[in-house]
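Q: I'd like to ask some things about the structure below.
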Amino acid sequence: MRDSARLHVTWGLIVGATVISVAFGVEAAGPIATVAALALSWVKARLVLDHFLDLRLVAGGWRDGLLGGIALMLAVVLGLGLIGPLVG
Amino acid sequence: MIEDLPEEVAGGWGPLSSLPGNPLMWVLIVSELLVFGAFLWGFAAARLLHPETFAAGRAVLDQGLGGLNTIILVSSGWCAAQAVQAERNGAAAAAIRRWLGGSAALGLAFLIVKGIEWSHEAALGHGLTSDVFFTLFFLMTGFHAAHVALGIVILAIVAARPSPENLETGTAFWHMVDLIWLLLFPIVYLTG
């Protein structure tokens with residue numbers, strides 16, 4: 001895919017994922033909406049890192065390290081969100 | 001002899017050398033991600049301790065404006081990526097500056113929408129000291145907005161001197177600001 005077209009597709013995917021997460025978050029608050037919003041957030045972060053920041057071309061584990069760190073951060077937020085109703 | 005020294009000591013950047021732009025920008029990017037990550041963990045922990053306060057706070061946030069701002073900032077990042085692409089394709093400096101100008105203009109639009117949102121919350125009586133939810137909301141979105149404002153200044157500096165390294169370094173900062181909002185927005189506005 002040409003670079004310009006790749007950037008268009010990346011933009012479209014992030015905007016589409018944002019619209020879905022807003023619609024889902026407004027209409028279906030709760031654990032499922034939380035999981036969906038955070039999973040889509042990770043997908044959007046990956047698209048930015050890979051295609052806007054070009055980390056897909058970088059050697060040395062930077063891409064995997066950053067994506068892993070973001071996944072860990074979101075997993076902790078998700079875990080705290082899910083145990084809330086259990087301890088409350 | 002200098003060629004016998006490790007690359008880091010001899011003036012190279014070691015593993016940072018493979019990243020686009022100036023390696024020091026990546027030190028800043030990783031530092032900022034850690035700071036905002038700590039903010040988001042603190043937000044999630046506070047929500048665990050004060051669920052009713054956070055549910056009430058989230059209920060009065062405008063998810064539509066937050067979503068609109070996400071689209072604005074992603075579009076701004078797209079313009080910044082196009083500026084880098086234009087430089088790699090050998091485009092004239094004027095074309096690169098147009099992409100950077102579009103990116104900065106959308107950054108300004110983000111700040112205007114954020115100002116509208118904050119004034120709406122203030123009109124409802126919500127401020128920095130209202131409760132723990134709004135304290136964290138204003139601190140986190142305000143800190144992020146300060147980064148957007150700094151990013152606009154950086155884009156203007158890059159537009160004045162659009163060398164390949166300046167472009168990659170300045171737009172890397174801008175994409176980091178974009179990335180942080182993509183993480184902050186769902187956690188603050190959509191979950192809980």
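Where a number appears in this text, it was derived from the coordinates with a stated rule and is not lab data. Only a predicted model underlies this, so the values are computations on that prediction, with no experimental measurement involved. Cβ coordinates were reconstructed from backbone atoms using ideal geometry, including for glycine residues, and neighbour counts include every protein chain displayed.
Q: In square nanometres, what is the average projected area of the Cα convex hull of region B:38-89? If you can, show how the numbers build up before the last one.
A: Details: hull surface 20.2 nm².
Approximately 5.1 nm², given one-decimal rounding.
Q: For chain A, build the convex hull from the C-alpha positions and give me its volume per residue in Å³.
A: On the way: hull volume 7.1 nm³, N = 88.
Hull volume over Cα atoms, normalised by residue count, gives 81 Å³.
Q: Can you give me the Kirkwood hydrodynamic radius for the protein assembly as shown, using every pair of distinct Cα atoms, in Å to one decimal?
A: Values: mean 1/r = 0.0511 Å⁻¹.
Radius from the Kirkwood sum: 19.6 Å.
Q: A further question follows. Provide a whole-number value for the mean count of partner chain Cβ atoms within 10 Å of the Cβ atoms in peptide A:67-80. Walk me through the numbers on the way to the answer.
A: Details: counts 0, 0, 4, 5, 0, 1, 10, 6, 0, 5, 11, 3, 2, 9.
Shielding by partners across A:67-80 averages 4.
Q: Per residue of A:50-59, how many C-beta atoms from partner chains lie within 10 Å of its own C-beta, taken as a mean? Before the final figure, lay out the partial values.
A: Details: counts 0, 4, 13, 17, 10, 4, 0, 2, 4, 3.
Mean number of neighbouring Cβ atoms from other chains: 6.
Q: Report, in degrees rounded to the nearest 10, the 0 to 90 angle that the Cα long axis of helix A:3-27 makes with the longest principal axis of chain A.
A: The helix A:3-27 is inclined about 10 degrees to chain A.
Q: Under the definition of Cα pairs under 8 Å and six or more residues apart, what whole-number percent is the relative contact order of region B:33-151?
A: Details: 72 pairs, mean separation 32.8, N = 119.
It rounds to 28 percent for region B:33-151.
Q: Would you calculate the convex hull of the Cα atoms in chain B and tell me its volume per residue in Å³? Could the numbers behind the result be given before it?
A: Values: hull volume 24.9 nm³, N = 192.
In chain B, the Cα hull volume divided by residue count equals 130 Å³.
Q: Taking a virtual spin label 7 Å from the Cα of B:Val153 along the C-beta vector, which residues in region B:161-178 bring their backbone nitrogen under 19 Å of it?
A: Label zone hits: B:161-162, B:166-167, B:169-178.
Q: 7 Å from Cα along Cα→Cβ at both B:Glu165 and B:Ala38: what's the point-to-point distance in nm?
A: So the label points at B:Glu165 and B:Ala38 sit 3.1 nm apart.
Q: In the calculated pair distance distribution of region B:44-137, what percentage of Cα-Cα distances lie above 23 Å? List each step's numbers first, then the result.
A: Numbers: 1965 of 4371 pairs.
The proportion of pairs with Cα distances above 23 Å equals 45 percent.
Q: Follow-up. Hydropathy first: keep DSSP H helices in chain B averaging at least 0.5 on Kyte-Doolittle, then drop any whose Cα extent along the axis falls short of 27 Å, and list what survives. Mind showing how you got there, number by number?
A: Numbers: long enough: B:23-49 (39 Å, 1.79); B:63-88 (37 Å, 0.45); B:93-123 (45 Å, 0.71); B:132-160 (42 Å, 2.19); B:164-185 (31 Å, 0.66).
The answer, listed by residue number, is B:23-49, B:93-123, B:132-160, B:164-185.
Q: Over chain A, what is the relative contact order in percent, taking alpha-carbon pairs closer than 8 angstrom and at least six residues apart? Kindly include the intermediate steps, with their values, before the conclusion.
A: Values: 42 pairs, mean separation 24.3, N = 88.
28 percent.
Q: What would the Debye formula give as log10 I(q)/I(0) at q = 0.25 Å⁻¹ for the alpha-carbon point model of region B:116-173, no solvent?
A: Here log10 of I(q) over I(0) equals -0.91.
Q: Once you charge only the Cβ atoms, +1 for Lys and Arg and -1 for Asp and Glu, what is the size of the charge dipole of region B:76-190 about its Cα centre, to the nearest 20 debye? Intermediate values should be presented prior to the final figure.
A: Working: 5 positive and 7 negative charges, 75 e Å.
About 360 debye.
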